[in-house]
Amino acid sequence: MEKSLANSNTLPRIAVVGCGYWGKNLVRNFDALGALSAISDTDDENREALATKYAVPARSFSDLLADETITALAIATPAETHAELVNAALHANKHVFVEKPLALSLSDGKKLCQLAEKQGRALMVGHLLQYHPAFLKFCDIVQEGRLGKLQYLYSNRLNLGKVRREENILWSFAPHDISMILWLVNEEPTKIHAIGANYLHEDIADVTTTHLTFPSGIQAHIYVSWLHPYKEQKLVVIGENGMAVFDDGQDWNRKLLIYPHRIEWIEGVPRPSKADAEPVVIEANEPLKQECAHFLECVQTGKTPRTNGWEGLRVLHVLEAAQKSMMKDKS
């Protein structure tokens, strides 16, 4: 994909808005793909350093909106600014890539999705793990029925830091896991319950557990924390005919394992039948580069992004419901 884009005469011209902790990675990848045309950032020192490093102009957000030669904006600013900036970009007829979450409310998110459709512009949300080679292979395994009917899923996204103050751990870490689980289950949850704990700030949860119940009876839970002694990024799926684990902390040859364990009923008693884990062969590719290339392809061809605005809205529904559940439990 990257080669064909790099050789195209109609390569989209992308400007990255917000070039800090994560945005600088978008700058690096869009530059590597040959599409970076400008950057915008409020930090003077960071802005000038990146503009020099990548030989692109540093410009104001309003200038980018007014420039008709800028095809699209990639927005990686604080979450509370997403709705306003995406709205402005779409009204300026720009295609938009925005880091998760799409917005901080369902109403704002829905308006953005509708506006993107009205304007005929791509709106893509940065649910990075949807572009991870291991997760894409995981999707194939589930869709092929190798695990049988799904029964339950769980994910852990744990680390010591980076502690945020503009959003809690649910909104910071959990969108990735919610996005993956909704994709695998292919249903909307009927029940969403979450609990959280605040240790560093009385109003910002540092640890949350979210439980999802789906119409088919599938259950899922998501545990996230930035107060954890070690890093763990793991998704486990249990099916009738097998189990699988996506562990992003492992080397590429062990990131995705299938466990052909089964439960056999012997004289009315369930007995586990264990088997050795089977590594799944995966081509090593940086997920963010694949994500950026996908956005360029969608802008270029009119293809609907895998994680379009409506997919982002489904994730936002779970986040908002989980937040309300936490607040109700707390009161």
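ASN25 passes every criterion in (1) surrounded by fewer than 20 Cβ atoms within 10 Å (Cβ to Cβ); (2) over 22 Å from the mean Cα position of the chain (by Cα); (3) not in a loop (DSSP other than H, G, I, E, B) apart from (2). Need the failing condition index for ALA134 against (1) among the aliphatic types (A, V, I, L, M); (2) within 30 Å of ASP203 (Cα to Cα); (3) part of a helix (DSSP H, G or I), just the number. Status for ALA134: all satisfied but (2).
Note on the range 305-325: residues that are closer than 13 Å to ALA205 by Cβ and crowded, with 21+ Cβ neighbours inside 10 Å amount to 2.
Residues in the range 28-51 that are within 20 Å of GLU68 (Cα to Cα) and among the β-branched types (Val, Ile, Thr): ILE39 alone. For the range 8-47, a tally of residues being acidic (Asp, Glu) and at pLDDT 95 or above returns 2.
Can we say ASP140 is without any contact (Cβ under 8 Å) to a residue 24 or more places away in the chain and either closer than 28 Å to ILE169 by Cα or part of a helix (DSSP H, G or I) (or both)?
On the way: without any contact (Cβ under 8 Å) to a residue 24 or more places away in the chain: yes; either closer than 28 Å to ILE169 by Cα or part of a helix (DSSP H, G or I) (or both): yes.
The answer is yes for ASP140.
Counting the residues of the range 134-152 that are under 30 Å from PRO78 (Cα atoms) and in contact with a Leu (Cβ under 8 Å, 6 or more places away or on another chain) gives 2.
Condition first: under 22 Å from HIS176 (Cβ atoms) and not assigned by TED's automatic domain parsing to the domain that holds PHE97. Can you find one or more residues in the range 293-302 that meet it?
First, the residues of the range 293-302 that are under 22 Å from HIS176 (Cβ atoms): 293-298.
When the remaining residues are screened for being not assigned by TED's automatic domain parsing to the domain that holds PHE97, the result is none.
No, every residue in the range 293-302 fails to be under 22 Å from HIS176 (Cβ atoms) and not assigned by TED's automatic domain parsing to the domain that holds PHE97.
Residues in the range 225-258 that are of a type in the set (S, T, N, Q) and out of contact with any Ser or Thr (no Cβ under 8 Å at 6 or more places or on another chain): GLN233, ASN241, GLN250, ASN253.
For the range 177-206, how many residues are under 21 Å from the mean Cα position of the chain (by Cα) and aromatic (Phe, Trp, Tyr)? Going through the range 177-206 one residue at a time, the tally reaches 1.
Cβ-Cβ contacts under 7 Å between residues 6 or more apart (or on different chains), taken from a first residue in the range 262-291 that is closer than 30 Å to ASP31 by Cα to a second residue that is among the hydroxyl-bearing types (Ser, Thr, Tyr), are listed as PRO287/TYR131; GLN290/TYR131; GLU291/TYR131. So is GLU291 acidic (Asp, Glu) and either surrounded by fewer than 19 Cβ atoms within 10 Å (Cβ to Cβ) or more than 22 Å from LEU33 (Cβ to Cβ) (or both) or not? Considered against the rule, which asks whether it is acidic (Asp, Glu) and either surrounded by fewer than 19 Cβ atoms within 10 Å (Cβ to Cβ) or more than 22 Å from LEU33 (Cβ to Cβ) (or both), GLU291 comes out as no. Exactly one residue out of ILE222, ILE282, ILE204 is in contact with a Ser or Thr (Cβ under 6 Å, 6 or more places away or on another chain), within 22 Å of ASP177 (Cα to Cα) and surrounded by 15 or more Cβ atoms within 10 Å (Cβ to Cβ): that is ILE222.
Kindly indicate the residue of the range 231-276 that is of a type in the set (Gly, Ala, Ser) and modelled with pLDDT of 90 or more and also farthest from GLN219 (Cα to Cα) among those meeting that condition.
GLY249
If you check GLY109 against the conditions, is it touching a residue at least 24 places away in the same chain (Cβ under 8 Å) and on the phi > 0 side of the Ramachandran plot? Answer is no for this residue.
The values are calculated or read from the model by the stated rules, or taken from the named source; none is laboratory data. Bear in mind that the values here come from a model prediction, so they are computed numbers and not experimental data. Counting neighbours? That spans all protein chains shown, and the Cβs are built from the backbone with ideal geometry, glycine included.
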